[in-house]
Amino acid sequence: MRIDIFTLFPQWFNWFFQQRHLTNAIQSRGLAVRLFNYRDYSPLSNGQVDDTPFGGGAGMLLRVDVVCAALSGVYGGSCEAVREKLPVFLLSPRGRRLGSDLLDELAQRRDFALLCGRYEGFDQRISDHLSTEEISIGDYVLSGGELAAMVVVDALARRIPEALGGENSALFESFSPGLGGRREYPQYTKPASFQGWQVPEVLLSGNHAEIGKWRREHLG
Ligand code: ADE
């Protein structure tokens, strides 16, 4: 899977992509990520990328001509044809809410692009003519789409077995098919007793049938 991220702040991702589960996913070739700065493709003087909204209003909007130039510059051809080659998702609080169903759909994709917004948002023509779908990570407004892009990448990378050191932990985590889409059961580790807070006795019993029964009963 290759994810192309378009942003005005690629440096935001420096720390993120140094994290072990992501370097594992990338080294295993299960995941490739490319970062593109809209500003590098701006056809305007001084690398301008934003402008004031027609009709007035607060803040600045990302310009459609700048996003068009970035898409054409990276993929070639006309910018409106890019979404016929690969899905182009716009990160926006107005989008479809990210949940395990949407993540399942994204996980099926080979390549896709994520467009991060900044300032007050996007010129609507970016959504109408250049993107496939808008995605939101929740009903709140972030200062840009970068954190939302990280959420998407992180949640997808967990599904690549090498990301988690080859463990199967993602197969049986909350919302996974392994748990029937339900929330994971509670888990405990040592010490078995701490300040009088006891780990449920059955989990210490070594009786796997009973442990499995307890876990099924405690799915969220
Ligand atoms: N950009 C700003 N807020 C956002 C949100 N809630 N989800 C996705 N992208 C965003």
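The values are calculated or read from the model by the stated rules, or taken from the named source; none is laboratory data. Because the structure is predicted, anything quoted here is derived from the model rather than measured. Note that each Cβ is placed from the backbone with ideal geometry, even for glycine, and that neighbours are counted across all protein chains shown.
Of the numbered criteria (1) within 16 Å of the ligand (Cβ to nearest atom); (2) touching a residue at least 60 places away in the same chain (Cβ under 8 Å); (3) not in a helix (DSSP H, G or I), the one Gly181 fails is (1).
For first residues located in the stretch 84-95 and within 16 Å of Gly121 (Cβ to Cβ), partners that are near the ligand (Cβ under 10 Å from one of its atoms) and of a type in the set (Val, Ile, Thr) and lie 6+ apart or on another chain with Cβ distances below 6 Å form the pairs Phe89/Ile135; Leu91/Ile135; Pro93/Val141; Gly95/Ile135. When the strands (runs of 3 or more DSSP E) confined to the stretch 78-158 are screened for residues that are closer than 16 Å to Leu61 by Cα and within 14 Å of the ligand (Cβ to nearest atom), those reaching at least 2 such residues are found at 88-97, 111-116.
Sort through Glu201, Glu146 and tell me the only one that's acidic (Asp, Glu) and not assigned by TED's automatic domain parsing to the domain that holds Arg20.
Working: Glu146 fails: not assigned by TED's automatic domain parsing to the domain that holds Arg20.
Criteria check complete, one pass: Glu201.
Can we say Leu71 is more than 15 Å from Gly121 (Cβ to Cβ) and not polar (S, T, N, Q)? Yes, satisfied. Taken together, the residues in the stretch 1-39 that are assigned to a helix (DSSP H, G or I), touching a strand residue (DSSP E or B) at 6+ places or on another chain (Cβ under 8 Å) and under 26 Å from Phe122 (Cα atoms) amount to 3.
Filter the stretch 193-211 down to the residues that are part of a helix (DSSP H, G or I) and either over 35 Å from the mean Cα position of the chain (by Cα) or at pLDDT below 95 (or both) and list them by number.
Step one: filter the stretch 193-211 for residues part of a helix (DSSP H, G or I), giving 201-204, 208-211.
Glu201, Val202, Leu204, His208, Ala209, Glu210 - these are the residues of the stretch 193-211 that are part of a helix (DSSP H, G or I) and either over 35 Å from the mean Cα position of the chain (by Cα) or at pLDDT below 95 (or both).
Any idea which residue in the stretch 75-104 is surrounded by the fewest Cβ atoms within 10 Å (Cβ to Cβ), counting only those that are among the hydrophobic types (A, V, I, L, M, F, W, C) and touching an Asp or Glu at 6+ places or on another chain (Cβ under 7 Å)?
Step one: list which residues in the stretch 75-104 are among the hydrophobic types (A, V, I, L, M, F, W, C), which gives 79, 81-82, 86, 88-91, 98, 102-103.
Filter again for touching an Asp or Glu at 6+ places or on another chain (Cβ under 7 Å), leaving 86, 89-90.
Working: Leu86: 15, Phe89: 26, Leu90: 26.
Looking at the filtered set, the residue picked out is Leu86.
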